[in-house]
Amino acid sequence: MTQPIDLAVIGGTGLYRIAELQDVESHLPVTRYGAPSGPVRIGRLGERRVAFLARHGEGHSLPPHQINYRANLAALQALGATRVLALNTVGGITERFGPRVLGCPDQLIDYTWGRISTICEVASEGSGGTEVLHVDFGEPYTRALRAAVLAAAQRAGVALVDGGCYGATQGPRLETRAEIARMRRDGCDLVGMTGMPEAGLARELGLDYACLAIVANWAAGAGPDPDEVITLQDVLDNVAAASSGLPALLQAL
Ligand code: HPA
């Protein structure tokens, strides 16, 4: 029988493992949607069983539009996960979300295109298809899991901004200043490339799901220097610095 997993964590850019996991076993399940981005590492964090999966693969080989989001979530579910905390590296658009801030958004807007964004399928040869699903998605992140993440951050003394709207872009290129200006007008506070379809698929699969966004940079034109050029090194440095509180937050969660 599958042993339950207390929490599954999907790591984003710059976050390829949880060093504090003990007694780690690795699994590479193949799901009806294919293989996940890499092995699922399951171990103990204190008393809890925690699973970790690197969304882009452990060597960051998968770009955001080529990640098999369905296989990733289905693999975690098959291994016993019911609650998923998504770590997403993002750019900050509005004032509260400067580089190195951690945020727990409560809304999202999907600007991605051409990605497989549902588990809903018509029957075809060799496949039984699924029922037509129209899941409620008014509140895209699970309220109870968000509340638990916010409470854990408080217990761990880790600053975490409560709320905000995550705009999911197609990438892999970064955005133009005009695109970010439009996203600001739309009400986005954060911009990233991996928030969707992951959150929608989690809802379809019946998984609890929350996002912990790690702000790596000001989005194009959003910071004090409108001419700033965003470099991968800045992104990685800021993710590393902003992630220093994550082990304590995860332990508390
Ligand atoms: N835009 C989109 N995705 C990102 C960014 C950004 O500025 N920074 C990190 N991920």
> Using helices alone, what [θ] at 222 nm do you get for the chain, with -39,500 (n - 2.57) per DSSP H run of 4 or more residues, divided over all residues and rounded to the nearest 500?
Replying inline: -7000 deg cm²/dmol
> So, with +1 on the Cβ of K and R and -1 on the Cβ of D and E, and no other charges, what is the size of the charge dipole of the chain about its Cα centre, to the nearest 20 debye?
Replying inline: 280 debye
>> As a footprinting exposure proxy, order H56, H134, H65 by other Cβ within 10 Å, with the fewest listed first.
In response: H134, H65, H56
> How far apart, in nm, are the 7 Å Cα→Cβ label points at A241 and H65?
Replying inline: 3.2 nm
> Given R₀ = 25 Å, FRET efficiency for E95-E139 by Cβ-Cβ distance, to 0.05?
Replying inline: 0.55
> Fully extended, how many nm does the chain gain between V30 and Q107 (0.36 nm per residue separation, minus their Cα-Cα distance)?
Replying inline: 24.6 nm
> Can you give the FRET efficiency for D227 and R155, using 1/(1 + (r/R0)^6), R0 = 41 Å, r = Cβ-Cβ distance, to the nearest 0.05?
Replying inline: 0.50
> Quick one: Karplus J couplings for segment 156-164, per residue in order, coefficients 6.51, -1.76, 1.60, θ = phi - 60°, nearest Hz, x for Gly and Pro?
Replying inline: 8, x, 9, 5, 9, 7, 8, x, x
> Taking 0.36 nm per residue of separation and subtracting the Cα-Cα distance, what length does fully extending D23 through A178 add?
Replying inline: 51.0 nm
>> Suppose the chain between E58 and A123 were pulled fully straight at 0.36 nm per residue; how much longer would it get relative to their current alpha carbon spacing?
In response: 20.0 nm
>> Restricting to DSSP loop positions (anything but H, G, I, E, B) with no more than 10 other Cβ atoms inside 10 Å of their own Cβ, which GluC sites (Glu not before Pro) remain in segment 109-198?
In response: E125, E131
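FYI, it's all coordinate maths here, none of it is from the lab. Computed from a predicted model, the values in this text were never measured in an experiment. Heads up, the Cβs are rebuilt from the backbone with ideal geometry, glycines too, and the neighbour counts pull from every protein chain shown.
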